[in-house]
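Chemist: So that we are looking at the same thing, I have put the structure below in structure tokens.
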There are 2 protein chains.
Amino acid sequence: MKLSELSTETGVSTASLKYYLRESLLAPGEPVTRTQSEYGPDHVERVRLIRALVESGGLSLAQVRRVIDALDSPTVPRHELLGVAQEALMDAERFDEDAEWTAVATTFVERRGWRIQDGDVLIPQLGAQLKALAETCDVGGRETLDRWADAAEIVAASDLDTLTDDDAQALRTAIVGTVLSDKVLQTLRRLAQQNRTGRLYEAARESGGSPGSNQ
Amino acid sequence: MKLSELSTETGVSTASLKYYLRESLLAPGEPVTRTQSEYGPDHVERVRLIRALVESGGLSLAQVRRVIDALDSPTVPRHELLGVAQEALMDAERFDEDAEWTAVATTFVERRGWRIQDGDVLIPQLGAQLKALAETCDVGGRETLDRWADAAEIVAASDLDTLTDDDAQALRTAIVGTVLSDKVLQTLRRLAQQNRTGRLYEAARESGGSPGSNQ
């Protein structure tokens, strides 16, 4: 198909497609004439992937590039799949390491009995995030953290079960699935909040109290 | 304190502080001389908040502005707190509404028994996210979604319990806490994935199988 048809098929403007081509996020088409190239199903799939990562995943083009590089690289050992996915997504999360809060994160992870690699960058990152939470809104005490970790364990178990036995598909699922499903989980959290808020408010109205007094 | 001292106290450059002042994200200081102003503890707190939202929360300055506007607005009814927080964060998530997938999201939420307001924008948003997941990596089937919803319910219950009885503090917690703790949850998910992957791999090695055969 022509570039204009690739645009119609994927819902991405030709201007954006040309940008993807210039930036090598998308492989060149098969030259047909001096000014025209032919694009196929692989191009459609790749464009849909880029679009999903940018629009639904909220990734920067620099992150999209890292995801694509990881996808295009030779087979990654199966047990490293999620690690590769995590690294591809890392730069959005720059942070200032804080020794005291890294220790808090380490203690928490140890108390949960989670096995984490030595020197794992996720630990200081978790520490920095907990520090920000504590400083700005006094949230993230031990009990809250434990409930969040319970939720994280449910999701991680599901993540591992989702990895198929097909390696090529598995990396794709690990990377793309993690990015996109982070968003789904955020939306589900907000819907579950609404459900709970609505119920509490209704219960309070029925009992004649103020909604605040029920929480 | 002087602007330079505010910078030292918060770890934010004077250039950034001047930008916050120009953009009215930060209230002007008390003029002391024609070229100098005096800043106080409220300024320190506000700068820390902006920094946390940008660095740890990954928000754009446009989103930070909406969060700040919501925080500065007169008291919001308690049961609307989380709704206001959700709206302040909404624009990052532009999406194309898809009637078929909105119906999938509606059915799912109904099956969970969640009470959601009519016309809630989160439903088509969830639909668009599920569509992206299904199209790009074939993830997000009914069983997976149910496990994610289980996790979301745990987090939402914790969210509601965290709201204090102090209204001013509650909005702050609802908005800032949601942004920052989304990030904490992402990190915990990745750590829990590592823990699980590590254990599976080890078990496979001990039994002499390949790691893949255990998953």
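The values are calculated or read from the model by the stated rules, or taken from the named source; none is laboratory data. Since the structure is predicted, the reported quantities are computational estimates derived from the model, not experimental observations. Here the Cβ positions follow ideal geometry from the backbone for every residue, glycine too, while neighbour counts run over all protein chains shown. Just the protein is used for accessible areas: all its heavy atoms, side chains included, with ligands, DNA and RNA removed. Shrake-Rupley method; radii C 1.70, N 1.55, O 1.52, S 1.80 Å.
Chemist: Based on what the data block shows, is residue B:51 at pLDDT below 90 and away from chain A (no Cβ under 14 Å)?
Modeler: no
Chemist: Residue B:138: at pLDDT below 80 and in contact with a Lys or Arg (Cβ under 7 Å, 6 or more places away or on another chain), yes or no?
Modeler: Against the criterion (at pLDDT below 80 and in contact with a Lys or Arg (Cβ under 7 Å, 6 or more places away or on another chain)), residue B:138 does not qualify.
Chemist: Considering only residues that are farther than 18 Å from residue B:63 by Cβ, polar (S, T, N, Q) and either modelled with pLDDT under 80 or in a loop (DSSP other than H, G, I, E, B) (or both), which ones fall in segment B:165-193?
Modeler: Selection gives B:169 alone.
Chemist: Mind checking which helices (runs of 4 or more DSSP H) fall wholly inside segment B:1-79 and carry at least 3 residues that are among the β-branched types (Val, Ile, Thr) and open to solvent by less than 60 Å² (accessible area, probe 1.4 Å)?
Modeler: B:41-51, B:61-72
Chemist: Still on this structure: With the requirement that a residue be over 23 Å from residue A:48 (Cβ atoms), assigned to a helix (DSSP H, G or I) and more than 10 Å from chain A (Cβ to nearest Cβ), what does segment B:102-141 give you?
Modeler: Within segment B:102-141, B:106, B:107, B:110, B:111 qualify.
Chemist: I need the full set of residues from segment A:42-65 which are free of Cβ contacts under 8 Å to residues at least 24 places away in the same chain and touching a helix residue (DSSP H, G or I) at 6+ places or on another chain (Cβ under 7 Å), in order please.
Modeler: Passing the criteria: only A:54.
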